[in-house]
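The values are calculated or read from the model by the stated rules, or taken from the named source; none is laboratory data. Computed from a prediction, not measured in an experiment: that's the story for all the values here. As a convention, Cβ positions derive from the backbone with ideal geometry for all residues, glycine included, and neighbour counts pool all protein chains shown. Ligands, DNA and RNA are stripped out before the accessible areas are found, and what is left, the full protein with its side chains, is counted by its heavy atoms. Shrake-Rupley method; radii C 1.70, N 1.55, O 1.52, S 1.80 Å.
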Amino acid sequence: MTPALMATTPGGLLLAFSVVIPVIGILLLWLVRGRDIEWVALAALVANLAIAIASLLAVRDSAAPLVYLVGGWLPPLGLALRADGVAVTLMVMTGVIVVATALYARGQFGFAADGPERRKPMVFWTMLLAITAALNLIFVGEDLFNLYVALELLTFAAVPLVSLDGNRATLAAALRYLVFALAGSVLYLLGVAIVYGAYGSLDLVVLAGMRGPDGALLLAIALMTAGLIAKTALFPLHLWLPPAHAGAPAAASAVLSALVVKGSFFLILRLWFDLLPPGLGAIGANGLGALGAGAVIVGSVMALRQERLKLLVAYSTVAQIGYLFLVFPLATGSEAASPFATLAWTGGVLQLMAHAFAKAAMFMAAGLVYEAIGHDRISGFRGLGRIAPITVLTMTLASISLVGLPPSGGFSAKWLMLNAALGEGAWWWAVVILLGGLLAAGYVFRVLVPAFSVAPEPLQRQHAVPLSRELSALALALVAIAIGFLPLAPWPLLSIGRLAAVLP
């Protein structure tokens, strides 16, 4: 263990605040009533975003990770919070998306000024804050058991959002989600037990300094990875995701697709790039890549077959998750040349971010379409652009990123991964990326072509949609596009504090 990696750094207290502030927001919700609930939640989420930005600036300026020792005790006796460049980037991403979701949801989960108290808004705002706290703990946590606790908090905050409408279909979807998540938790916890029995510690930094190519560690990582891919909904363990995300309210679907599945994926990155000994895992990495390729193809084909917009977007999430797992064969293993591995690593993080912003915007737009015309059947979208131009613009911009067209974040991510694949001579991964882009173009054009068409009979608006909600969704789609204007090169920020770079 390197002492410099295990001491509280200036600004380290920000990491504690990133977890505590959303929890304080939850407690304050129970002390206020009516419309004050959404204002308290929004204030807590804005404060969380400010903390995330401050953390990112601190890591960038110091070129070192932030560390906070809880109670001043060193691991393994105490707990440490640690945020490297990737963690603070994802904290800012989460902060932006939950604030935009909160602004969007004010029209959907607000309170009438003179109306009675309702249970649904209270549940939504509580769970949104709980998801924010859980994700921040996952990003900054270092102890494998505490990360398990954060994962469970994330699951038990997400499941109520799936079943928020309370009908039979959403309850069944939530139950299926819970079964898959709990099965994944059992496998993850079993891996944690094996690690503790073999090493006597659960802190990632401590373990990274002690690790060796022994069977116990490899078995533990395999079990934890299996559990985490169930939570991430990687093909073929994706069966819970489409009904869960498509049946939830639009604001909830945006958070579930953009953020919740990313928490478990982030932990897989931690296990494979921080804990797995260098030079090992090439076979497993290619296995994960093969599952990712299967997700890209199967998810895209299923999206092409959907008749409802929300189900199409949900299956698109299955496909886009698959791209994330192409990072493992491209950035690990003895055959990965260092420059191309760095390209793949940056491309993977860019794909995670671009997908999060684009998919949140798409689910929000789908909700707005449903409110505007009373349904989300794609066959009935002719003339939609005339009555909901901002919403259709949002879907168009988000679709550009999902397909991977320039100048979007999705294009930058896929371009970097393509270069990594071709540079390493792994042309088959390049074929998957290109084929996935073509299939994505097919299913988004199924939505956009009728939306821009002229209907024989003018489409009638059923309900007025507040402009503020349309602008919230549009802002996220614009961010997905704006990411594409960043340099097409590895980001130095994403390499700050990576254990793989500072430990042998």
- Message: Given (1) surrounded by fewer than 21 Cβ atoms within 10 Å (Cβ to Cβ); (2) touching a strand residue (DSSP E or B) at 6+ places or on another chain (Cβ under 7 Å), identify the lone condition not met by G12.
- Response: (1)
- Query: Considering V186, V195, which residue is in a helix (DSSP H, G or I) and within 30 Å of L13 (Cβ to Cβ)?
  - Reply: V195
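Any residue at all in region 72-80 that is closer than 22 Å to A102 by Cβ, open to solvent by 70 Å² or more (accessible area, probe 1.4 Å) and assigned to a loop (DSSP other than H, G, I, E, B)? Don't jump to the end; show me each part of the working.
Taking region 72-80 first, the residues closer than 22 Å to A102 by Cβ are none.
No, because not a single residue in region 72-80 is closer than 22 Å to A102 by Cβ, open to solvent by 70 Å² or more (accessible area, probe 1.4 Å) and assigned to a loop (DSSP other than H, G, I, E, B).
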- Message: Just to check your reading of the model, which residue among L311, L271 is farther than 17 Å from E424 by Cβ, without any contact (Cβ under 8 Å) to a residue 60 or more places away in the chain and in a helix (DSSP H, G or I)?
- Response: L271
- Scanning for something crowded, with 21+ Cβ neighbours inside 10 Å, in contact with a helix residue (DSSP H, G or I) (Cβ under 9 Å, 6 or more places away or on another chain) and farther than 28 Å from M417 by Cβ, does region 351-368 turn up at least one residue? yes
- Item | region 316-345, residues that are surrounded by fewer than 24 Cβ atoms within 10 Å (Cβ to Cβ) and of a type in the set (S, T, Y) | S334, S338, T342
- Given L187, L154, L175, L207, which one is farther than 22 Å from K262 by Cα and either out of contact with any Phe, Trp or Tyr (no Cβ under 8 Å at 6 or more places or on another chain) or modelled with pLDDT under 85 (or both)? L207
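Mind checking which residues of region 200-214 are in a helix (DSSP H, G or I) and either more than 24 Å from R82 (Cβ to Cβ) or open to solvent by 40 Å² or more (accessible area, probe 1.4 Å) (or both)?
Within region 200-214, G209, M210 meet the criteria.
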- Could you grab me the full set of residues in region 142-153 that are open to solvent by 10 Å² or more (accessible area, probe 1.4 Å) and not acidic (D, E)? F145, N146, Y148, V149, L153
- Query: If you scan region 356-380, which residues turn out to be in a loop (DSSP other than H, G, I, E, B) and among the small types (G, A, S)?
  - Reply: G374
- Which residues, counting only those in region 231-245, are over 13 Å from the mean Cα position of the chain (by Cα) and open to solvent by 10 Å² or more (accessible area, probe 1.4 Å)? F235, P236, L237, H238, L239, P243
- Message: Taking the condition of being open to solvent by 40 Å² or more (accessible area, probe 1.4 Å), over 14 Å from I97 (Cα atoms) and not acidic (D, E), how many residues in region 33-53 meet it?
- Response: 4
- Could you run through region 264-290 and say how many residues are open to solvent by 50 Å² or more (accessible area, probe 1.4 Å) and under 26 Å from A361 (Cβ atoms)? 0
- Would you mind finding the one in A16, A87 that is over 28 Å from L350 (Cβ atoms), part of a helix (DSSP H, G or I) and in contact (Cβ under 8 Å) with a residue 12 or more places away in the chain? A16
- Checked L467, L434, L439 against criteria (open to solvent by 20 Å² or more (accessible area, probe 1.4 Å) and without any contact (Cβ under 8 Å) to a residue 24 or more places away in the chain); the one match is L434
- Test L56 against the stated conditions and say whether it is open to solvent by less than 70 Å² (accessible area, probe 1.4 Å) and over 20 Å from V23 (Cβ atoms). yes
- Any chance A293 is within 30 Å of I496 (Cβ to Cβ) and crowded, with 21+ Cβ neighbours inside 10 Å: no
- Tell me which residues, restricted to region 381-394, are assigned to a helix (DSSP H, G or I) and touching a residue at least 60 places away in the same chain (Cβ under 8 Å). L384, G385, R386, I387, I390, T391, V392, L393, T394
- Message: If I filter region 215-230 for residues that are buried (at least 19 other Cβ atoms within 10 Å of the Cβ), without any contact (Cβ under 8 Å) to a residue 40 or more places away in the chain, more than 29 Å from R119 (Cβ to Cβ) and hydrophobic (A, V, I, L, M, F, W, C), do I get at least one hit?
- Response: yes
- Selection from region 246-259 of residues farther than 23 Å from V301 by Cβ and surrounded by 24 or more Cβ atoms within 10 Å (Cβ to Cβ) yields A248, A250, A251, A252, A254, V255, L259
- Out of all the residues in region 385-413, which are open to solvent by 10 Å² or more (accessible area, probe 1.4 Å) and not aliphatic (A, V, I, L, M)? G385, R386, P389, T396, G404, P406, P407, F411
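Okay, residues lined up against (1) of a type in the set (G, A, S); (2) at pLDDT below 90:
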site	(1), (2)
A295	yes, no
M302	no, no
I321	no, no
A336	yes, yes
F357	no, no
F363	no, no
- Message: Against the conditions (1) open to solvent by less than 50 Å² (accessible area, probe 1.4 Å); (2) under 23 Å from V205 (Cβ atoms); (3) at pLDDT 90 or above, where does A83 fall short? Just the number, please.
- Response: (3)
- Considering every residue within region 171-187, establish whether at least one is touching a Lys or Arg at 6+ places or on another chain (Cβ under 9 Å), over 23 Å from I321 (Cα atoms) and either crowded, with 18+ Cβ neighbours inside 10 Å or hydrophobic (A, V, I, L, M, F, W, C) (or both). no
